[in-house]
Amino acid sequence: MTALQVGDVEANLATMLEAEQAQFREARGLWQLTPDGRAAYPGLLAADLAGVDPAVLAPSYETFLAINSSFKELCGDWQLRDGDVNDHSDAAYDADVIDRLGALDAAAQPVVAALGAVLERLEPYAPRLAQSLARLHAGETNMFTGVMCGSYHDAWMELHEDLILTQGIDRSAEGSF
């Protein structure tokens, strides 16, 4: 989920834990920002963006949003079929939706790569999306919209949130949720 080495991530988390900016949720096996961590975020983001004008992300972000609309529709098609929960018993239907995700990914990869070319910390998203799609093609159906499992949806949602925060966009005003 990051291009950092595991030891570097662990050191950063330990520092944040000590500063009470993050906490580990044992029951869910995940780290979470505390209110102090959220308060520190703007300053950390500003330091990360030193020398980078977030406005240069805007053209690629606009393209991302257009693809995002199609992605949301695809997620709905994967989860529902004719208004009912998709039980995934129709392999041909599922294969068609997966093929459509493959076409969407082919359109998204250059956009995500362009975002990564502007801001290095965005680089890992393109391979994460590709890896999730490959795992989906290999039969791991949770890799489409599964939650907190490294699914395509997980990576896409994290990228979208990262772009919103990086550019200082009000998601409610934008209406892209």
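Candidates His153, Val97, Gly76 compared by Cα position along the dipole of the chain: farthest toward the positive end lies His153, with charges placed on Cβ. When the helices of the chain are scored as -39500 (n - 2.57) per DSSP H run of n ≥ 4 and the total is divided over every residue, the value at 222 nm lands at -21000 deg cm²/dmol. Long hydrophobic helices in the chain, taken as whole DSSP H segments with a C-alpha length of 15 Å or more on their own axis and mean Kyte-Doolittle hydropathy at least 0.0: 6-18, 91-118. The structure shown yields percent of Cα pairs over 30 Å apart, and of the options (1) 34; (2) 25; (3) 37 that calculated value carries the label (2). Fully extending the segment from Ala58 to Phe24, taken as 0.36 nm per residue of separation minus the present Cα-Cα distance, adds 8.9 nm. Centre-to-centre, using Cα atoms only, region 1-60 and region 82-109 are separated by 33 Å.
Annotation note: GluC sites (Glu not before Pro) in region 69-155 located in DSSP loop regions with a Cβ neighbour count of at most 15 within 10 Å are Glu140. Restricting to DSSP loop positions (anything but H, G, I, E, B) with no more than 16 other Cβ atoms inside 10 Å of their own Cβ, which trypsin sites (Lys or Arg not before Pro) remain in region 1-45? When the trypsin sites (Lys or Arg not before Pro) of region 1-45 are filtered for loop state and at most 16 Cβ neighbours within 10 Å, Arg28 remain. The mean sequence separation of alpha-carbon pairs under 8 Å and at least six residues apart, normalised by the residue count of the chain, gives a relative contact order of 17 percent.
Every number here is computed from the coordinates shown, using simple stated rules; none is lab data. What you see is a predicted model; the values in this text were computed from it and never measured. Positions of Cβ are generated from backbone atoms using ideal geometry, with glycine treated the same way; all protein chains shown enter the neighbour counts.
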